[in-house]
Every structure is written in structure tokens, then in C-alpha cells.
Amino acid sequence: MELTEQFEAAVAASKTLTEKPDNDTLLQIYSLYKQATEGDVNIDPPANPFDFVARAKYEAWEGLKGKDKTAAMQDYIAVVNRLLGKS
């Protein structure tokens with residue numbers, strides 16, 4: 001299976017998890033997905049300093065700046081597989 005197909009399958013599988021991952025893992029999944037699909041962060045940081053969720057998501061994605069889309073896809077697949085107990 002091609003990497004893109006594996007990534008898309010992992011995205012679909014992530015929506016079927018029986019248990020909600022902890023917040024750090026959710027941020028990791030989010031940031032890897034964004035990096036894999038859009039590349040480096042391309043939005044301004046949240047204007048509202050009290051929007052902690054948006055700030056955390058932005059910072060998680062920004063932390064992956066420079067990571068290759070292919071590597072982000074591979075890491076995303078690995079995280080989802082670990083959550084599914086496939087690793």
C-alpha cells in the first residue's frame with residue numbers, strides 16, 4: 001500500500017478509536033495531520049490569549065516546522081497504529 005493510502009487509512013482509523021487519547025496525544029495527532037496535509041504552519045497565532053485550546057494546537061503544529069510531509073505522514077501512521085495496538 002502506498003504511503004498516502006496508509007495515511008488516509010490511519011486518518012479513518014483514528015476516528016474509530018474506542019478510547020479518547022490523552023490531550024498530549026491528541027495534540028500530536030492534530031499537529032502531525034496538519035503538517036502532513038498542509039506543511040509548515042500557515043496561520044497567525046490565536047489572537048485571544050485565553051483560547052488555550054487554539055494556542056496549544058497552534059504551538060503543537062508550529063513545533064513541527066520544517067518536518068517533511070512524508071515524515072509527518074509516517075509518524076501519524078505510527079501514532080495511530082500504536083493507539084490501535086498494532087505496533
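Where a number appears in this text, it was derived from the coordinates with a stated rule and is not lab data. Predicted model only: the values in this text are computed from it and were never measured.
Observations, loosely collected:
- With contributions of -39500 (n - 2.57) from each DSSP H run of at least four residues, the per-residue ellipticity at 222 nm computed over the chain stands at -20500 deg cm²/dmol.
- Count, lysine Cα pairs under 22 Å in segment 3-84, 8 or more residues apart or across chains: 12
- Working note: Karplus 6.51/-1.76/1.60 with θ = phi - 60° gives segment 40-55 the couplings 4, 3, 10, 10, 6, x, x, 6, 7, x, 9, 8, 5, 5, 4, 5 Hz, where Gly and Pro are set to x.
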